[in-house]
Amino acid sequence: MKAALISLGSKSSLMTAEAMKKYFDEVDVLQLRDIEVSLGKESGILYQGEPMKDYDCVFLKGSFRYANILRSIASMLEKKVAYMPIPADAFSTVHNKLLSHLKMQQDNIPMPRTYVSSTIEAAKRLLNRVSYPIVMKFPEGTQGKGVMFADSVSSAVSLLDALVALNQPVIIQEYVETGGTDIRAIVVGDKVVASYKRRAQKEDKRSNIHAGGSGEPVLLSWEAAKIAVQTAKCLGVDICGVDILESPLGPVIIEANLSPGLQGISQISTVDIPDSMARFMYEQTKKIVEKTRNVGAAALLRDISIDQPKKNNGNGHAIISPLKINGDRIILPDFVNKMAKFSESKEYSIKASEGSVIIEEFDM
Ligand SMILES: Nc1ncnc2c1ncn2[C@@H]1O[C@H](COP(=O)(O)OP(=O)(O)O)[C@@H](O)[C@H]1O
Ligand SMILES: [Mg+2]
């Protein structure tokens with residue numbers, strides 16, 4: 001089976017591609033920036049100007065800035081590729097915290113109280129009602145870069161004014177006190193394969209490793225593991241990182257990441273995460289390829305069969321097909337034996353006349 005990993009070429013992606021090579025017969029590592037998608041009459045995906053090859057499994061990775069091209073590639077491949085751990089629409093939903101929270105809300109997944117309002121005036125009224133501190137986030141920020149904290153109405157209002165002036169949409173969220181820590185769980189299929197706690201640097205509230213946070217392995221509570229897997233399921237993805245805050249009232253989810261960094265976690269976790277991902281993708285692809293093959297064979301049988309009840313039990317099929325004859329021997333088409341279930345341990349009555357052979361199980 002052939003697989004492709006399409007990414008921006010990060011170390012984490014290369015680690016995953018290396019692991020995939022242990023399972024798949026062929027693995028191509030494609031640079032996302034070299035891909036073009038065209039729609040309309042001569043639609044297709046071009047890689048470095050040539051039509052992209054066919055694959056059984058495609059793993060697409062990239063940041064929110066590439067959500068449109070990732071979604072386009074995935075959408076074009078959905079009917080062609082046996083398995084993709086991340087379906088097309090997830091590139092829009094998961095890369096946007098508000099859209100993710102809306103999906104999660106539909107499945108009652110616990111999250112911090114989060115507010116959306118229609119106008120700046122409405123947002124200011126809201127800022128007068130909530131308790132402080134609060135968090136303001138760009139729906140599409142990552143690595144802690146779009147997350148701001150405000151300790152009072154006045155700082156929240158001035159932040160909001162600045163963001164509005166920059167034409168930047170924000171979501172407003174309750175601040176969950178965790179002592180500057182959060183938990184990153186890596187979900188693969190219906191399991192959390194690894195998890196670690198990240199601690200923000202002093203003077204920072206954001207615990208992202210990219211924002212200078214440090215990590216340590218952590219054993220997830222049963223509840224946190226359950227909601228992490230539910231989050232992946234509700235967002236429709238098989239592989240992702242899920243960020244969890246352990247609030248005094250239980251775990252809450254703040255976001256999912258389609259392309260979780262693996263370098264940091266690989267240094268603190270004993271689990272081979274790229275291997276878990278690669279093995280899972282291989283098994284899923286194999287299942288689907290085999291199923292498709294069986295369904296294909298069944299359809300072929302149906303296509304070449306003309307429904308005509310067999311004389312003796314009424315549930316056989318007559319077919320019209322040329323005969324393959326080798327010397328004196330007639331070689332029956334494959335599906336004939338599949339249907340008749342002839343066996344060397346049984347006896348048969350064979351009646352031959354010009355233009356006809358009837359072989360029937362001999363009842364003693
Ligand atoms: N509601 C919140 N309460 C407390 N801390 C938060 C909250 N939301 C985010 N944080 C902190 O900010 C960090 C980044 O937030 P997150 O929503 O995961 O955005 P990003 O996409 O930038 O990682 C989190 O890892 C966490 O440490
Ligand atoms: Mg995060």
Residues of region 179-199 that turn out to be in contact with an Asp or Glu (Cβ under 8 Å, 6 or more places away or on another chain) and either basic (Lys, Arg) or assigned by TED's automatic domain parsing to the domain that holds Val130 (or both), as a count: 4
Enumeration of residues in region 260-287 that are charged (D, E, K, R), surrounded by fewer than 17 Cβ atoms within 10 Å (Cβ to Cβ) and more than 15 Å from Lys191 (Cβ to Cβ): Lys287
Among the residues listed as Val176, Val135, the single one being part of a loop (DSSP other than H, G, I, E, B), among the hydrophobic types (A, V, I, L, M, F, W, C) and either closer than 25 Å to Gly250 by Cβ or out of contact with any His (no Cβ under 6 Å at 6 or more places or on another chain) (or both): Val176
One residue from Leu8, Leu102 being without any contact (Cβ under 8 Å) to a residue 12 or more places away in the chain and surrounded by fewer than 17 Cβ atoms within 10 Å (Cβ to Cβ): Leu102
Out of Ala228, Ala224, sole residue that is surrounded by 23 or more Cβ atoms within 10 Å (Cβ to Cβ), more than 17 Å from Ala88 (Cβ to Cβ) and more than 14 Å from ligand 1 (Cβ to nearest atom): Ala224
Residues that are more than 15 Å from Asn257 (Cβ to Cβ) and either at pLDDT 95 or above or of a type outside the set (D, E, K, R) (or both), drawn from region 216-228: Pro217, Val218, Leu219, Leu220, Ser221, Trp222, Glu223, Ala224, Ala225, Lys226, Ile227
Filtered residue count, region 16-46, keeping only those that are part of a loop (DSSP other than H, G, I, E, B) and loosely packed, with under 14 Cβ neighbours inside 10 Å: 7
Check on Ile109, modelled with pLDDT of 95 or more, aliphatic (A, V, I, L, M), in a loop (DSSP other than H, G, I, E, B) and touching a Lys or Arg at 6+ places or on another chain (Cβ under 9 Å): yes
Top-ranked residue of region 63-91 - restricted to ones that are within 16 Å of ligand 1 (Cβ to nearest atom) and more than 13 Å from the chain's Cα centre (by Cα), ranked as farthest from Asp34 (Cα to Cα): Phe64
Matching entry among Ile183, Ile244, Ile268 (being in contact (Cβ under 8 Å) with a residue 40 or more places away in the chain, of a type in the set (A, V, I, L, M, F, W, C) and touching a Gly at 6+ places or on another chain (Cβ under 8 Å)): Ile268
Lone qualifier among Lys145, Lys202 - being away from ligand 2 (no atom under 16 Å from the Cβ) and at pLDDT below 90: Lys202
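The values are calculated or read from the model by the stated rules, or taken from the named source; none is laboratory data. What you see is a predicted model, and the numbers here were worked out from it, not measured in a lab. Ideal geometry is used to build each Cβ from the backbone, glycine not excepted, and the neighbour counts take in all protein chains shown.
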